[in-house]
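Chemist: Take a look at this one; I'll ask things after.
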DNA sequence: GTGGTCTAGACCACC
DNA sequence: GTGGTCTAGACCACC
């Protein structure tokens, strides 16, 4: 499964799911027409109540990202890719901006922030390298 | 006032206050022995309910950062500086790490993340400079 | 209370609430800035689960009709009136159109439908006359 | 085929089929003794799951409108005409009454409702005429 | 099997 | 007091 939920990171669980579905579409992991994992399947595999999953999917439907096929499941809409790419950018930028703003406001200067970020990127990049960077020939991706 | 509260950034308001008090101490804006602004003063100036301020101060007391001086107010403890410096680092690192982790997990690679961060640093650094460090020549602002 | 819910009329309860809130705003019964009845209050007075009320209010927020004032309640937005007037028209027209289409398709002709409608209007109009037609000078309101 | 199903009009699909069968009988399009189209035929022509058709037919049997002729199919019962005429009236009246009640409750007065109805009758009557009344010489279909 | 709706009841943050 | 989120479990319509 391509979702990883942290129930204590301050972001509501259903919101984490909404974001990750959008990211997966933006990334091509979920393609237009494809069915999302079912509410019950996700609920079991993430150990989360089905209502919470349903709430996330309902919001994705409101956002025009998915559509329900009665009795069959919930599918990625044909026009979702572009919207998800834009959403991913703005969602991630917002979060990074918030974190950086707090760091600056909290008394760190740009150099210290950059050093922290570089450290985090190194340690985190390794963990997801096999998933997120399947192109070994990129050369200097960092 | 050195607090800036965003009621919609996902972090609880009382938690934002706790963090910013710790940052102010780590930064030397608040020094050991100094009284915090009163609950009422802060509530009015931030347009926030006094209960929320009180909850933040209560948590600061639990964290061993401040102490109540009966009849006088709430003061920064003598041993708070070191704890706040450590807390600042870990709090900010945690938040930055979370944001970066989501970005990597969401399909951005390190280069793209660095570009976004550089952009945010440029735009934010300018804004904060005028707000957070208004006294370039002061030397001993406390 | 200005809501009347029928749990068995085929329309979801939360959807009935959404419609009636919009109608109340369109009608001036709820005015911009005014707080909606609280979730708990409505739940008790309508004998409906609070979650169902909350779901309705959440959809009203998605529709841009209301906004939540943290800790105070949910208020009608300043720009809700026009949107609700338009929504009322289209929602009611859709439902009337559906009913008429079924009647025509089911073998009634326009004259029979008009007769039924006239009968219903007479009996129903009387019931709500004091609420819905406060203008005695209209002359031929029917 | 004399059925037109709208999967999104709020009425359950099987219920739409039940109603339309009754209307067809009331209208003489289906006569006592006549076989209904088979479950499979209807399922294909309406692009609906056979289970849904079967559920509708089962309810028609419970309502005493049709009977199963073993090995031959499902036929309109000899005494169905009168029951369907009554059912048609009450079903359509109920729906029209519901729509009108909501319109009155929602703040429209009888005059506005009548104007909407007249508009709908005009536009719908034309469309339905070509489908439901294949008699080009009728002249005054209302 | 699928999602949609609803009830019942809990905890949280904020006023 | 206020709304927001979450869990647990039920029933429905449709496939």
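The values are calculated or read from the model by the stated rules, or taken from the named source; none is laboratory data. Small disclaimer: the values here were computed from a predicted structure and weren't measured. In this analysis, Cβ positions are derived from the backbone assuming ideal geometry, glycine residues included, and neighbour counts consider all displayed protein chains.
Chemist: Return the total of residues in the range B:45-61 being modelled with pLDDT of 95 or more, surrounded by fewer than 16 Cβ atoms within 10 Å (Cβ to Cβ) and more than 12 Å from DNA strand E (Cβ to nearest atom).
Modeler: Looking only at that region, the number is 1.
Chemist: Can you name every residue in the range A:55-75 that is within 13 Å of DNA strand F (Cβ to nearest atom) and outside any strand (DSSP E or B)? Please lay out each step first, then the result.
Modeler: First pass over the range A:55-75, keeping only residues within 13 Å of DNA strand F (Cβ to nearest atom): A:55-59, A:62, A:68-75.
Correct list: A:55, A:56, A:57, A:58, A:59, A:62, A:70, A:71, A:72.
Chemist: Sticking with this structure for a sec: Considering only the range A:76-87, I want to know if a residue exists there that is surrounded by fewer than 22 Cβ atoms within 10 Å (Cβ to Cβ), under 30 Å from residue B:4 (Cβ atoms) and away from DNA strand F (no atom under 16 Å from the Cβ).
Modeler: The answer is yes; a qualifying residue exists.
Chemist: Now, a different point. May I ask you to verify whether residue A:33 is part of a helix (DSSP H, G or I) and more than 13 Å from DNA strand E (Cβ to nearest atom)?
Modeler: Details: part of a helix (DSSP H, G or I): no; more than 13 Å from DNA strand E (Cβ to nearest atom): yes.
So residue A:33 fails the test.
Chemist: Identify the residue in the range C:84-107 that is more than 7 Å from every other protein chain (Cβ to nearest Cβ) and touching a helix residue (DSSP H, G or I) at 6+ places or on another chain (Cβ under 7 Å) and, among all such residues, is farthest from residue C:18 (Cα to Cα). Break it down into steps so the answer makes sense when it comes.
Modeler: The first filter runs over the range C:84-107 and keeps only residues more than 7 Å from every other protein chain (Cβ to nearest Cβ), leaving C:84-87, C:89-91, C:94.
Checking the rest, the ones that are also touching a helix residue (DSSP H, G or I) at 6+ places or on another chain (Cβ under 7 Å) come to C:84-85, C:87, C:91.
Details: C:84: 11, C:85: 14, C:87: 11, C:91: 11 Å.
Applying the filter and picking the extreme gives C:85.
Chemist: May I ask you to say which residue of C:21, C:31 is closer than 20 Å to residue C:73 by Cα, within 16 Å of the chain's Cα centre (by Cα) and surrounded by fewer than 15 Cβ atoms within 10 Å (Cβ to Cβ)?
Modeler: Numbers: C:21 fails: surrounded by fewer than 15 Cβ atoms within 10 Å (Cβ to Cβ).
Exactly one residue qualifies, and that residue is C:31.
Chemist: Taking residue B:64 as meeting all but one of (1) farther than 18 Å from residue B:87 by Cα; (2) surrounded by fewer than 16 Cβ atoms within 10 Å (Cβ to Cβ), write down the number of the exception.
Modeler: (1)
Chemist: With (1) within 11 Å of another protein chain (Cβ to nearest Cβ); (2) part of a helix (DSSP H, G or I) as the list, and residue C:43 as the residue in question, which single condition is left unmet?
Modeler: Condition not satisfied by residue C:43: (1).
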